[in-house]
Amino acid sequence: MFNWFDHKLGIDLGTSNIRIYQKGRGIVLNEPSVVVQRKDNGSTEAVGKDAKEMIGRMPTHLDILHPIEDGVIANYDVTTLMLKYFLREIRGGQRWLKGTHVAVSVPTGITEVKKRAIQDAVQQAGASKITLIEEPLAAAMGANLAVNEPCGHLVVNIGGATTQAAIISLGGIVISNSIPKGGMTVDRSIVEWMKKRHGLAIGLPTAEDLKIQLGLAVMTGAEEYIEVKGRNLAHGLPQKINLQSMELQSLFDEYIHSIVEVIRLTIEKCPPELAGDVMQCGIVLCGGGALVGGLEHRLQAELGIPVCIAENPEQCVVLGTGKLLYSLPEKGFFKKNQVSNTTKDRNTIADQLGESAG
Ligand SMILES: Nc1ncnc2c1ncn2[C@@H]1O[C@H](COP(=O)(O)OP(=O)(O)OP(=O)(O)O)[C@@H](O)[C@H]1O
Ligand SMILES: [Mg+2]
């Protein structure tokens, strides 16, 4: 039941998943960022988990939409629709109280237009006051790192589409780097591998299951087999094959190499004192991508620095937005972050997004 007196929310608007924290209640929503619509009239058929379950199984009159790409809004209208839907879910049909405050995480280094689009979409969905928090800082706060101390913490947030490495000290980001690779990159490369090596068409959900089930075996070199079902590309009929975990070694190696490089680059460019702190305190992994079995050991071996996974890594960012809510003064703080709400503004933002996407 929605608590009328705690109308402060934290949102992690991720490419794969959207998570919402409500002050006083904790995490109240965790759903895939997916929407299914009819092609002919654009009406919405399913949102979140229900929509994700339809991937690869849909009739031709339906479209699967991923409104968030690389942590930013790719489809403004569908993002607004999705946010409205989820916010309606968590408030149990009640109207928002005027003055609902929302803290939203955004990737570091995105353009003002993209930031503005996120603010505007959240406001359209019902929020009155909005503040943005950079994702690596939120992740570090959610991982319970002492971000305000004069000590460098290296946090690596591995999401579905992006990986961001950042060094945080004295409550701010000192340096950060990101790459457009995450858990979904592995899923896509597994789909390609199955096509090329086995002539078998599989969908992304099957590839994601394979990644989750075989990750540890690939990392440790254990020999494991798994049955994979798909469609034979030569004769078009369903087929089962036994996939050996080691076959996927090169795909994982390539992915890990990219993560190692982004971490290395971040350490290389940071002040020497902070590099010393990182050497001593180690690296903390956050994001759902950190759950690939054995990843922390591979990174530790490659970098020669201690690596650990935060508790509930996929929740760190949203928990960090939640912590921010507790530190905000009741009045006044949001003023500079408030955005206007006219139709003209909304159209302008949608247009600008369209232009920048093209
Ligand atoms: N147990 C697991 N093993 C391996 N990968 C996992 C596991 N659980 C989740 N993942 C992967 O984590 C990814 C999603 O992580 P997360 O929810 O942090 O992404 P996101 O925040 O939506 O994306 P982004 O931050 O890039 O916008 C998916 O690719 C998913 O397959
Ligand atoms: Mg994320």
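Read-outs: derived from the displayed coordinates by stated rules, not from any lab. Only a predicted model underlies this, so the values are computations on that prediction, with no experimental measurement involved. Positions of Cβ are backbone-derived with ideal geometry, glycine not excepted, and every protein chain shown enters the neighbour counts.
Couplings 3J(HN,Hα) for segment 257-271, derived from phi with the Karplus relation 6.51 cos²θ - 1.76 cosθ + 1.60 (θ = phi - 60°), are 4, 5, 5, 4, 5, 5, 5, 4, 4, 5, 5, 4, 8, 8, x Hz, where x marks Gly and Pro. The order of Glu89, Glu192, going from fewest to most other C-beta atoms within 10 Å of their C-beta, is Glu192, Glu89. Listed values for segment 275-291 are Karplus-derived 3J(HN,Hα) couplings in whole Hz (6.51 cos²θ - 1.76 cosθ + 1.60, θ = phi - 60°), namely 4, x, 4, 5, 4, 7, 8, x, 10, 10, 9, 10, x, x, x, 5, 7, and x replaces Gly and Pro. Rounded if a/c is under 1.5, else prolate if a/b beats b/c, else oblate: with a ≥ b ≥ c from the C-alpha gyration tensor eigenvalues square-rooted, which is the chain? Oblate is the answer for the chain, as a/c is 1.5 or above yet b/c matches or exceeds a/b. Cysteines in the chain that lack a partner Cβ within the 4.7 Å cut-off: Cys151, Cys270, Cys281, Cys308. In units of the rule-of-thumb radius 2.2 N^0.38 Å, segment 184-248 shows an alpha carbon radius of gyration of 1.05.
Cα gyration tensor of segment 170-285, axes a ≥ b ≥ c as square roots of the eigenvalues: rounded (a/c below 1.5), prolate (a/b > b/c) or oblate? Prolate shape, in that a/c is at least 1.5 and a/b is the bigger ratio. What the Cβ-Cβ distance of Arg188 and Arg25 gives, at R0 = 30 Å and to the nearest 0.05, is a FRET efficiency of 0.25. Decide, for segment 262-332, between rounded, prolate and oblate: order the square roots of the alpha carbon gyration tensor eigenvalues as a ≥ b ≥ c, take rounded if a/c falls under 1.5, and otherwise choose prolate if a/b is larger than b/c, else oblate. Verdict is oblate for segment 262-332. Using 0.36 nm per residue and subtracting the Cα-Cα separation, the extra length available between Met279 and Ile179 on full extension is 33.7 nm. Consider a paramagnetic label point 7 Å from the Cα of Met54 along Cα→Cβ; state which residues of segment 195-239 have an amide N under 19 Å from it. Residues passing the 19 Å test: 203-206. Give the residues of segment 279-310 whose amide nitrogen is closer than 17 Å to a point set 7 Å from the Cα of Ile212 in the direction of its Cβ. Under 17 Å, as judged by backbone N against the label point of Ile212, lie 287-295 of segment 279-310.
Ordered from longest to shortest, the equivalent ellipsoid semi-axes for segment 47-107 are 25, 16, 9 Å, each the square root of 5 times a Cα gyration tensor eigenvalue. The ranking of Lys229, Lys195, Lys181 from fewest to most other beta carbons within 10 Å of each one's beta carbon is Lys229, Lys195, Lys181.
Using the Karplus relation 6.51 cos²θ - 1.76 cosθ + 1.60 with θ = phi - 60°, the per-residue 3J(HN,Hα) values for segment 12-19 come to 9, 8, x, 5, 8, 9, 10, 10 Hz, with x marking Gly and Pro. Reported to the nearest whole Å, the Cα centre-to-centre distance from segment 89-151 to segment 247-314 is 26.
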